[in-house]
Each structure stands twice: as structure tokens, then as C-alpha cells.
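K.L.:
Supplied in C-alpha cells, the structure appears directly below.
The values are calculated or read from the model by the stated rules, or taken from the named source; none is laboratory data. No experiment lies behind these values; they were computed from the predicted model shown. Ideal geometry is used to build each Cβ from the backbone, glycine not excepted, and the neighbour counts take in all protein chains shown. Each accessible area value is taken on the protein alone, full model and side chains, heavy atoms only, with ligands, DNA and RNA left out. Shrake-Rupley method; radii C 1.70, N 1.55, O 1.52, S 1.80 Å.
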Amino acid sequence: MTPIPKPHEPASLELHRIDSANWVIRDHTFPETDARNVIACVHEAEEDELEVIWLGAGIPLPTRYRYAGDVLEDLERWRTLNCGAQRPTRIPHYRPLVAGGVASTSVSSPDGDIAGEIMLASD
């Protein structure tokens, strides 16, 4: 059994020629019976112009290309830059203010070291 590539790896994409003027781009992270397997349909509209229909939602790539290989290269580049796990943005957390008094809190840097202390006063 052939191992299935991990999602969003360039090796998971394939430009498959259907006939002399049509191609599909397949994503082999999904089984062939899954509708998500086909990401785009490419059709040769004129001799030097290809039209692309992106089937995956949210793919902001051009719909006209000169070469079929360029479609696949753009998709691989876009997926490498835009898909994949990223660390969440760190949101600082502070203790609530004490009503009518002064509260203090320490501020820590991303690596956990205490960077300073803030005095908060409420009116």
C-alpha cells in the first residue's frame, strides 16, 4: 500500500491530464472517492491560454494561465505559505482591578520571565 502524503505537502498534489485540452489537479491526501480530491479543473481555452476553475473554497489564485505546470506551481507555493499549523497569538492576561483601590500585576515576557510590575489604580 502506498503511504498517503501528509496534508498540504507539495507531493500530495498531482496535475492529471484527462484529454488533449483538459486537466484536473488532485490532492492525494483525500481518497479518490472524496469530492475534496479534485481541487481544480484546467481547460485549454485557446492555444496559449488556460482557464482554471478552483473547486476548493478560498483559493485566491488567478483563473488564467499560459502553462498547466504554472497552475500547479502557484497552488503548491500558495499552500506552503498559507496552510499549516501556526502558533496562536499570545494574549496577555491580567488580574482584575480591585474596586476602589490599587492592584498590582506582574508582566511576563513570552519565555515566562517576569519583565516588570504594573500598578493599576481605579477611581
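K.L.:
I need every pair where a residue in region 32-43 that is in a strand (DSSP E or B) has its Cβ under 7 Å from the Cβ of a residue that is small (Gly, Ala, Ser), sequence separation at least 6 or different chains.
P.N.:
Close Cβ pairs (under 7 Å, with a partner that is small (Gly, Ala, Ser)) amount to Ile39/Gly56; Val42/Ala68; His43/Ala21.
K.L.:
Let me ask you something else. Considering only residues of region 74-107 that are closer than 30 Å to Ile53 by Cα and basic (Lys, Arg), which is modelled with the highest pLDDT?
P.N.:
Going through region 74-107, the residues closer than 30 Å to Ile53 by Cα turn out to be 74-86.
From the residues that got through so far, the ones that are basic (Lys, Arg) too are 77, 79.
Details: Arg77: 90, Arg79: 86.
The selected residue is Arg77.
K.L.:
Given the criteria modelled with pLDDT under 90 and either open to solvent by 60 Å² or more (accessible area, probe 1.4 Å) or at negative phi (or both), does Ala40 qualify?
P.N.:
No, not satisfied.
K.L.:
Shifting gears a bit: Tell me which residues, restricted to region 16-31, are under 14 Å from Glu76 (Cα atoms) and outside any loop (DSSP other than H, G, I, E, B).
P.N.:
Scanning region 16-31 gives Ile25, Arg26, Asp27.
K.L.:
Provide a single number: the residues in region 22-37 that are within 28 Å of Arg66 (Cβ to Cβ) and open to solvent by 80 Å² or more (accessible area, probe 1.4 Å).
P.N.:
1
K.L.:
Also, I was wondering about something else. Anything in region 55-73 that is closer than 18 Å to Arg26 by Cβ, open to solvent by 40 Å² or more (accessible area, probe 1.4 Å) and either assigned to a helix (DSSP H, G or I) or at pLDDT 95 or above (or both)? List them, or say none.
P.N.:
Correct list: Asp70, Glu73.
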